[in-house]
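In what follows, a single structure is set out as structure tokens and then discussed.
The values are calculated or read from the model by the stated rules, or taken from the named source; none is laboratory data. For clarity, every value in this text was computed on a predicted model and none was experimentally measured. When we count neighbours, we look across all protein chains shown, and the Cβ atoms used for this are built from the backbone with ideal geometry, even at glycine. Note: areas computed on protein heavy atoms with side chains; ligands, DNA, RNA excluded. Shrake-Rupley method; radii C 1.70, N 1.55, O 1.52, S 1.80 Å.
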Protein chains: 4
Amino acid sequence: MKNIIYLLAICFLVPSIAYSQKPEETEVWTPEPKLITPGINPQAPPSDAIVLLDGKDLSNWSDLKQNPAQWTLENGVMTVAKGKGDIKTKQGFGSCQLHVEWRSPAEVSGSGQNRGNSGIFLMGRYEVQVLDNFNNRTYSNGQAGSIYKQHIPLVNACKPPGEWQTYDIIFTAPKFGEDGSLLSAARVTVIQNGVLVQNNVELKGETVYIGQPKYTKHGEKEALVLQDHGCLVSYRNIWVREL
Amino acid sequence: MKNIIYLLAICFLVPSIAYSQKPEETEVWTPEPKLITPGINPQAPPSDAIVLLDGKDLSNWSDLKQNPAQWTLENGVMTVAKGKGDIKTKQGFGSCQLHVEWRSPAEVSGSGQNRGNSGIFLMGRYEVQVLDNFNNRTYSNGQAGSIYKQHIPLVNACKPPGEWQTYDIIFTAPKFGEDGSLLSAARVTVIQNGVLVQNNVELKGETVYIGQPKYTKHGEKEALVLQDHGCLVSYRNIWVREL
Amino acid sequence: MKNIIYLLAICFLVPSIAYSQKPEETEVWTPEPKLITPGINPQAPPSDAIVLLDGKDLSNWSDLKQNPAQWTLENGVMTVAKGKGDIKTKQGFGSCQLHVEWRSPAEVSGSGQNRGNSGIFLMGRYEVQVLDNFNNRTYSNGQAGSIYKQHIPLVNACKPPGEWQTYDIIFTAPKFGEDGSLLSAARVTVIQNGVLVQNNVELKGETVYIGQPKYTKHGEKEALVLQDHGCLVSYRNIWVREL
Amino acid sequence: MKNIIYLLAICFLVPSIAYSQKPEETEVWTPEPKLITPGINPQAPPSDAIVLLDGKDLSNWSDLKQNPAQWTLENGVMTVAKGKGDIKTKQGFGSCQLHVEWRSPAEVSGSGQNRGNSGIFLMGRYEVQVLDNFNNRTYSNGQAGSIYKQHIPLVNACKPPGEWQTYDIIFTAPKFGEDGSLLSAARVTVIQNGVLVQNNVELKGETVYIGQPKYTKHGEKEALVLQDHGCLVSYRNIWVREL
């Protein structure tokens with residue numbers, strides 16, 4: 001008899017417990033995501049972006065000594081001016097989404113690392129390589145789309161020299177303790193010309209040409225740097241969203 | 001005495017090793033990333049993409065019972081057909097980059113979850129929400145760009161009803177042990193209309209409407225499912241790259 | 001005798017002149033066409049365009065009484081505000097190339113001429129019709145892409161309500177004599193969403209709702225007018241190049 | 001007396017006729033323009049276009065002797081193969097709207113007419129010039145966007161070598177009498193990279209390198225020809241709509 005009552009209990013109570021779970025219990029209403037307006041197309045800056053280069057002037061950039069940036073600006077396109085050195089944003093950024101369009105020189109010269117070389121240094125330290133790797137072999141961890149000398153791109157998604165290419169970069173800044181110790185490493189996702197080439201890879205430290213990368217504590221926001229590597233690489237339509 | 005010699009060796013040799021480091025030592029030449037051709041623009045399928053919907057037919061899709069997909073196809077646009085149920089790809093996918101364009105009905109009807117609701121179920125289980133959230137409030141973890149009931153989108157980047165929107169999704173499939181235990185959780189990045197809304201978030205398990213998500217072992221490749229939620233949501237230009 | 005020599009000259013020299021024709025003779029070196037920089041894509045304003053609407057303000061527009069334009073501007077989109085009347089450019093234009101993007105309301109209401117109706121009046125007089133003709137029949141010479149009540153569009157190239165559409169218009173202004181007589185009629189080419197709908201058609205006069213169009217002398221440059229027809233039609237990315 | 005009655009008739013009847021005019025009287029309901037579906041963007045082929053080059057094969061093309069076209073096809077891009085000669089469409093066209101994307105070689109060589117030279121011959125006879133005129137002067141009626149040796153382009157809207165450029169061409173075929181006499185000349189509108197460069201200009205005859213152009217009767221539909229001028233000019237995304 002008890003067993004029958006027990007069975008009845010199972011038949012009636014257990015389902016009622018299940019039924020008592022309600023969809024509303026797993027709804028989360030706060031915070032409400034901020035409303036933004038995306039661009040006319042996915043390459044155009046959304047409403048919450050800081051436009052760093054719109055082709056009208058170089059007012060958001062300086063050279064590394066805080067003097068006005070000396071790269072050329074012609075027909076809305078900014079181009080490395082040989083011997084003028086790297087340039088950097090006046091504003092600093094930490095974690096961010098960054099859109100950059102770049103073009104390696106149509107007129108090919110040099111080979112390997114000497115063809116269409118430039119670079120995007122997040123926080124002035126962590127380089128996403130810019131290079132003309134269309135029919136131009138170099139070391140895999142130094143080609144376009146690589147995190148220079150740290151991460152090989154998943155594929156080679158380069159367009160030919162002279163064509164515009166896009167980088168959509170998602171950067172998570174590293175975190176440091178008060179004592180300078182690394183709390184969490186930087187991470188980067190890179191989409192080149194619509195193709196994933198880096199998927200949230202963990203950076204090993206600051207980009208170095210020689211030796212092993214390591215982290216050194218720096219500010220929470222640091223200037224974005226574009227490299228003058230002696231090649232006439234061009235840029236346009238650069239915008240960033242702080243994350 | 002030996003210790004002193006040892007110390008001297010450290011003092012003199014280690015630095016000299018450091019100085020002898022050469023840039024070539026940190027070059028990695030293999031593997032060489034596969035060469036692919038990006039699309040005409042970042043929204044067009046690159047050469048290594050599997051085109052799932054090009055507007056000509058629904059041949060890559062079936063309903064959940066393996067019968068031909070019954071959604072409508074008109075003017076190159078695929079639209080949910082009420083009562084015809086979810087559809088799924090004939091091919092299965094694991095980790096992938098997925099491009100989807102969708103449009104909620106221009107004619108607004110309903111509110112909250114009843115307005116322009118559909119969904120993209122990665123591996124048939126993990127939902128990126130599709131919803132018309134333009135001037136339409138719902139719970140934050142259930143709005144467009146959310147990982148349904150798991151992750152609130154970073155911002156609301158919705159376009160108005162009737163306009164086409166893009167999702168660029170980077171999905172890392174979960175891994176399971178032989179015994180069904182979870183070895184690594186699924187991860188998702190979502191870019192909506194060019195704006196980051198999910199940054200490599202970790203999924204808590206399969207999407208559930210009621211209760212808490214949990215993982216259940218499944219195959220390494222599973223069909224992508226698009227949801228019929230009773231709203232006439234449309235799709236076009238869907239392509240996927242296996243990672 | 002002289003005549004004979006003259007005839008001989010014709011017989012021998014003329015052919016030899018013909019044979020001696022050189023490619024250089026048909027080269028024309030002046031004028032040298034002005035150098036301009038096209039936009040990033042064919043929809044973006046080239047360097048010699050006057051941008052009339054970039055989404056930031058309505059400073060280039062007024063109402064018909066020279067008061068500030070009262071249409072709404074939200075998220076970079078300008079929309080007809082019912083009862084606020086037509087708006088016009090502060091600057092006048094004659095022959096020109098005009099790019100306009102427009103969107104009829106996603107929420108469909110009304111039918112025939114009462115659905116998504118607005119209009120682009122070149123020189124304030126010659127109307128390229130704006131109307132939602134997606135599944136909405138009206139008289140052929142009054143539908144989208146028509147020169148209102150003068151020229152039927154070659155095809156119906158409308159997008160659904162709620163989607164952005166483009167008009168690329170080439171307008172040749174009419175010419176009048178000092179006495180007001182018509183020296184040459186206005187001509188218009190219209191490309192809607194990339195599809196030719198009017199091919200250099202000759203206008204019969206100013207657009208009229210009732211009766212037959214006729215020309216009345218006006219200035220060489222006249223304001224461009226956008227019509228408030230009581231429908232919430234939206235506009236963005238309007239630019240013009242003077243020809 | 002009669003005159004007075006006549007005058008009264010004018011005074012009373014004419015206005016009443018004018019007042020009796022109704023808007024419906026100037027509505028034209030037939031023909032109803034054919035419904036077509038525009039492409040995803042204005043550069044993509046609409047539903048009624050014949051796609052001549054989609055990057056998958058050269059099946060719509062032959063050389064001038066009807067043998068398979070020998071130009072190279074790589075990564076979806078068709079390029080002139082030196083010495084292989086002109087190619088032409090297998091199908092003939094008369095009046096049409098034509099979309100062509102072309103790229104002059106990134107690696108600049110030669111000058112004047114010897115830099116990035118090719119051409120689009122409508123009906124195999126009427127040439128829209130293709131040339132790299134970025135920082136490369138030649139005779140004005142022979143530069144990119146010209147109707148070769150007949151019409152100077154309105155502006156120089158060239159992009160740099162290595163970048164893709166668009167031509168949107170509207171061509172009205174000439175008409176001939178049975179006796180071969182010209183009934184109406186050919187006319188052409190050309191939009192280069194979104195910028196008008198030819199506005200419905202009248203052609204003087206077939207394109208000739210030496211001497212004056214003249215018309216010779218030909219078929220109502222004739223193959224479109226692309227020129228091999230010894231430069232490695234590339235093409236992609238070519239489509240045509242018959243008018």
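Out of curiosity, is B:Q97 part of a strand (DSSP E or B), buried (at least 18 other Cβ atoms within 10 Å of the Cβ), within 13 Å of another protein chain (Cβ to nearest Cβ) and at pLDDT 95 or above? Yes: the conditions hold for B:Q97. Restricting attention to the range D:23-42, the residues that are within 26 Å of the chain's Cα centre (by Cα) and open to solvent by less than 30 Å² (accessible area, probe 1.4 Å) add up to 5.
Return a yes/no flag: does the range D:203-211 have any residue that is within 28 Å of C:L243 (Cβ to Cβ), hydrophobic (A, V, I, L, M, F, W, C) and in contact with a Phe, Trp or Tyr (Cβ under 8 Å, 6 or more places away or on another chain). Working first, answer last.
Going through the range D:203-211, the residues within 28 Å of C:L243 (Cβ to Cβ) turn out to be D:203-207.
Keeping just the survivors that are hydrophobic (A, V, I, L, M, F, W, C) gives D:203.
Remaining after also requiring in contact with a Phe, Trp or Tyr (Cβ under 8 Å, 6 or more places away or on another chain): D:203.
Looking for residues that are within 28 Å of C:L243 (Cβ to Cβ), hydrophobic (A, V, I, L, M, F, W, C) and in contact with a Phe, Trp or Tyr (Cβ under 8 Å, 6 or more places away or on another chain), one finds at least one in the range D:203-211, hence yes.
Go through the range D:63-72 and give me each residue that's of a type outside the set (D, E), within 30 Å of A:N135 (Cα to Cα) and surrounded by fewer than 18 Cβ atoms within 10 Å (Cβ to Cβ). Across the range D:63-72, the qualifying residues are D:P68, D:Q70, D:T72. The single condition among (1) open to solvent by less than 20 Å² (accessible area, probe 1.4 Å); (2) free of Cβ contacts under 8 Å to residues at least 40 places away in the same chain; (3) within 20 Å of the chain's Cα centre (by Cα) that C:N136 does not satisfy is (3). State yes or no: is B:G145 open to solvent by less than 10 Å² (accessible area, probe 1.4 Å) and outside any strand (DSSP E or B)? Here the answer is yes, as B:G145 does meet what is asked.
Residue-by-condition table, conditions (1) within 15 Å of D:I120 (Cα to Cα); (2) more than 14 Å from chain A (Cβ to nearest Cβ); (3) under 16 Å from the mean Cα position of the chain (by Cα):
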residue	(1), (2), (3)
D:L154	no, yes, yes
D:A157	no, no, no
D:G162	no, no, no
D:Q165	yes, no, yes
D:A185	no, yes, yes
D:I210	no, yes, no
D:A223	yes, yes, yes
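Among the conditions (1) crowded, with 16+ Cβ neighbours inside 10 Å; (2) away from chain D (no Cβ under 14 Å); (3) over 30 Å from A:L35 (Cβ atoms), the only one that A:G230 does not satisfy is (1). Annotation: of all residues in the range B:17-67 being outside any loop (DSSP other than H, G, I, E, B) and touching a residue at least 12 places away in the same chain (Cβ under 8 Å), the one that is farthest from D:L73 (Cα to Cα) is B:D63.
So if I check each of C:Q91, C:Q150, which one is touching a strand residue (DSSP E or B) at 6+ places or on another chain (Cβ under 9 Å) and either within 14 Å of chain B (Cβ to nearest Cβ) or surrounded by fewer than 19 Cβ atoms within 10 Å (Cβ to Cβ) (or both)?
On the way: C:Q150 fails: either within 14 Å of chain B (Cβ to nearest Cβ) or surrounded by fewer than 19 Cβ atoms within 10 Å (Cβ to Cβ) (or both).
That would be C:Q91, the only listed residue that is touching a strand residue (DSSP E or B) at 6+ places or on another chain (Cβ under 9 Å) and either within 14 Å of chain B (Cβ to nearest Cβ) or surrounded by fewer than 19 Cβ atoms within 10 Å (Cβ to Cβ) (or both).
Taking each residue of the range B:191-206 that is within 11 Å of chain A (Cβ to nearest Cβ) and looking for partners that are acidic (D, E) with beta-carbon atoms closer than 9 Å, six or more apart or interchain, yields B:I191/A:D168; B:I191/B:D168; B:Q192/B:D168; B:G194/A:D168; B:G194/B:D168; B:V195/A:D48; B:L196/A:D168.
Selection of the range A:167-176 for residues being open to solvent by less than 10 Å² (accessible area, probe 1.4 Å) and more than 8 Å from every other protein chain (Cβ to nearest Cβ) yields A:Y167, A:I169, A:F171. Within the range A:71-94, the set of residues being more than 27 Å from C:N41 (Cα to Cα) and part of a loop (DSSP other than H, G, I, E, B) comprises A:K82, A:G83, A:K84, A:G85, A:D86, A:G94.
Determine which member of the set C:P161, C:P105 is assigned to a loop (DSSP other than H, G, I, E, B) and open to solvent by 30 Å² or more (accessible area, probe 1.4 Å).
Values: C:P161 fails: open to solvent by 30 Å² or more (accessible area, probe 1.4 Å).
Being assigned to a loop (DSSP other than H, G, I, E, B) and open to solvent by 30 Å² or more (accessible area, probe 1.4 Å) holds for just one of C:P161, C:P105, which is C:P105.
In the set (1) touching a helix residue (DSSP H, G or I) at 6+ places or on another chain (Cβ under 6 Å); (2) more than 7 Å from every other protein chain (Cβ to nearest Cβ), B:V28 fails one condition alone, (2).
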